[in-house]
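Quick note: the coordinates plus some simple rules give every number you see, no bench work behind them. Quick caveat: nothing in here was measured; it's all calculated off a predicted structure. Cβ placement follows ideal geometry from the backbone for every residue including glycine, while neighbour counts extend to all protein chains displayed.
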Amino acid sequence: MHNIFCIIKILTLTLLLGIVFQPVQAQNSPSETVTVNGQRFFKYAVKSGEGLYAISRFFSVPITEIIRNNPGAKAGLKNGQELLIPVTVENEGLISSSAGSSVQRELMDQNNTFRHTVSKGETVYSISKMYQTTVGEVNRYNPGASEGITEGQILTIPQRRVISETKEENYRYHTILSGETLYSVSRTYSLKAEDVMLANPGLSAETFRTGKTIRIPFFESYEVITPYETQTTNIVHKVQNKETLYSIARNYQVEVSDIERMNPMLGGGLKANMELIIPVKKSLVEKDSRVTEKETNRLLAQNIVSKKVDVMKVGLLLPFLDETGRGHIRLQEYYEGFLLAVEAMKNSGVNLELYVFEIGKGDDTSKLESLLETMEMRSLHLIIGGVSDAQIRLISDFSKANNIKYVIPFSQSNDEVLNNGNIFQVNPIASATQTKASSAFINTFRNANIIFVTEEQNNKKEFISELQHDLRENHIKFETISLTGTLNSAIVPLLRSGNENVIIPTSADSNTLRQLITELKEVREADSSTIIRLFGYPEWQTYTEQIGDFHLFGTYIFTPFFINKTDSDTEAFISNFSKWYGRNLMETHPSYGMWGYDTGIFFMTALNRFGTHFEQAIQKVPTNSLQFAFHFERMNNWGGFINNGLYFVYYDTNGGIIKTDQSR
């Protein structure tokens, strides 16, 4: 241990709206759109014999979205029934020709607003932080959003108008339109494709898709931009005998009106040998544009060359002397666990230098600012640390400027990870954990008899609401009953013999759990053949007095972290910790010593195995963590990674504990 080196310091002629849809029987393009609660819909009258599947294919909208906006459609469709179908980027080309020109202008104009398609688990708050706007602004452009948003919904977002002091940090956002390519987008903004790729480290052939948003490095935020597909250049055409305005327009793929607008003398008629100015699309006349486009789009499939490191230089930056809330004691144990990870790496033959720095208290960043000016910091390959928002912001700016990977170990609420491609956030976001837990629950208990037990506190309202919504979306039935002193008699008629009966309380409170278990024990005593399972929350792992009851009912909990003390690797770590430091780990949830060890082992292994661009192989890092489930996912094309790891922990009826990684 004492030999560790430490220093306490991303040419198309396809029209943007040219999406081809397979005709469904006698369907016609819808003639009208309406706006309801801020969202645009087609008004569509069902034709005789049409079903939900045919209509969903025609409009490129999931059946679940049609049913969600038209609840009566679930029972079947009738001839003439009017449906509201969401207008999306993929189906907007279906709008009737009478309105086509105005819609096209709206679709192509992203100078003031752009669009964001909501992903599962996102909130108005998280989206506002991603685009550096406010909840109020998102709600103002999307009136219905204040009542809640759903997966697949398209939101209008105002363009960023803040110009930073650093010119290179100015940018705007661009929603990828149908038919656009990396080449056409980069040409739209007069940029090199490499510039677009550099601003979007998560951009690839898989993520460059219609409807997705990318960030555009932009030096003048208020400049009005015209899409490359509509950009023109003027050429001179000498009129030949027998040519007409129509034939000339057709040859150059322009409108007759455009030629007339550029040549006022045509009021006297078209004559041979007349020289006309023709506004031709740049994509038709630029030399070698087809070859250039093909070569450019290949960039999406290329990986950045990752440089192997002979001697890894890792910096641990924490406020070790900040005694607020006795935080310094927890950070000391985190450091001690991290040192055990360093020892394990060095014992496996890895050359590394660890630099440990005290960075000052809270929002006082003077010490940290001085530290970041040193040559030692610029030489690091990996930085781990920062606790307060001020510290994290400062280290984030440094990591971006010097292209150094940065791990945020504790914070769940910082905004830096959404806008810095070098960041990895270890501590999962609660809303993302709940979303993943809901999905994993449905995969695990799709065929079970599900019963929710409500209680006054209902402190898991958000998770319960999301889970019940997902159950309905998957056509899985469930029952709801209140937690009362007569629960044991009220729940019996709802139980199914020969099936798993999964009981889910709507509160994680220990008193609620204790009362529920008491009532369920009476049910079990009356009929021990009925299979009853409990499903609960991360907090339950701290209720050690209930462990026996968890095994009695074959209980499941979901959690991003869990310590199985009977695991051999865990036993070895606990023993090694006691040996090195002469004391046991503190009883905290999560354990800070194992937190430090897991984080150290994971990221130092990633750097050693895959080099300085280990983010390209982040799902392949071969480590078995003791406590945290690690599954890092990029939140957008330009931001960093957040850990969305999740365990299901099963207390089996034989007294064993089975920890299953549900992350993938």
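Restricting things to Cα coordinates, could you compute the convex hull volume per residue of the stretch 339-415 in Å³? Measuring per residue, one finds 101 Å³ for the Cα hull of the stretch 339-415.
Taking every DSSP helix (H) stretch of at least 4 residues in the chain, weighting each as -39,500 (n - 2.57) and dividing the sum by the residue count yields a mean residue ellipticity at 222 nm of -9500 deg cm²/dmol.
Summing charges over all other residues whose Cβ lies under 10 Å from the Cβ of residue 613, with Lys and Arg as +1 and Asp and Glu as -1, gives +1. Listed by chain and number, the lysines placed with their C-alpha closer than 23 angstrom to that of residue 129 are 120, 167, 212, 400, 405, 436; residues fewer than eight positions away on the same chain are left out. A simple spin-label model places the labels of residue 242 and residue 150 6.1 nm from each other, with each point 7 Å out along Cα-to-Cβ.
Distance from the C-alpha centroid of the stretch 511-566 to that of the stretch 467-495: 17 Å, rounded to the whole angstrom. Computed over every Cα-Cα pair of the stretch 462-569 and binned at 10 Å starting from 0, the pair-distance distribution P(r) comes out as 12, 44, 34, 9, 1 percent.
Under the Kirkwood approximation applied to all pairs of distinct alpha-carbon atoms, what is the hydrodynamic radius of the chain in Å?
On the way: mean 1/r = 0.0345 Å⁻¹.
It is 28.9 Å.
Sorted largest first, the principal axis extents computed over the alpha-carbon atoms of the stretch 231-301 equal 54, 21, 16 Å. Straight-line reach from residue 282: taking Cα to Cα under 22 Å and skipping same-chain neighbours fewer than 8 places apart, the lysines in range are 192, 238, 294.
Evaluating kT/(6 pi eta Rh) at 10 °C and 1.306 mPa s, with the Kirkwood radius of the stretch 274-377 over Cα pairs in the Stokes-Einstein relation, gives 82 µm² s⁻¹. Which of 142, 412, 605 sits farthest toward the positive end of the charge dipole of the chain, with +1 on the Cβ of Lys and Arg and -1 on the Cβ of Asp and Glu? The one lying farthest along the dipole's positive direction is 142. Expressed in Å, the radius of gyration and Dmax of the Cα atoms of the stretch 33-96 are 10.9, 32. Less than 5 angstrom separates the built amide H of residue 533 from those of 501, 502, 503, all sequence-distant by 5 or more or on a different chain. For residue 501, the shell of other residues with beta-carbons less than 12 Å away shows a net charge of 0, using +1 for Lys and Arg and -1 for Asp and Glu.
The stretch between residue 140 and residue 458 holds 111.4 nm of extra length on full extension. This uses 0.36 nm per residue minus the Cα-Cα distance. By the rule of a C-alpha distance below 20 Å, with chain neighbours fewer than 8 residues away ignored, the lysines paired with residue 565 are 579, 659. The packing ranking of peptides 522-535, 626-639, highest mean first, is 626-639, 522-535, where packing means the average number of other beta carbon atoms within 10 angstrom of each residue. Taking the Cα centre of the chain as the origin and placing charges on Cβ (Lys, Arg +1; Asp, Glu -1), which of 91, 276, 297 is farthest toward the positive end of the dipole? After comparing all options, I get 276.
Based on the Cα coordinates of the stretch 177-334, what is the per residue volume of their convex hull in Å³?
On the way: hull volume 33.8 nm³, N = 158.
It comes to 214 Å³ per residue, whole-number rounded.
How big is the dipole moment of the stretch 231-301 about its Cα centre under a simple scheme where the beta carbon of each Lys and Arg is +1, that of each Asp and Glu is -1, and everything else is neutral? Debye, nearest 20, please. Mind showing how you got there, number by number?
Numbers: 11 positive and 9 negative charges, 29 e Å.
Taking the Cα centre of the stretch 231-301 as origin, the dipole is about 140 debye.
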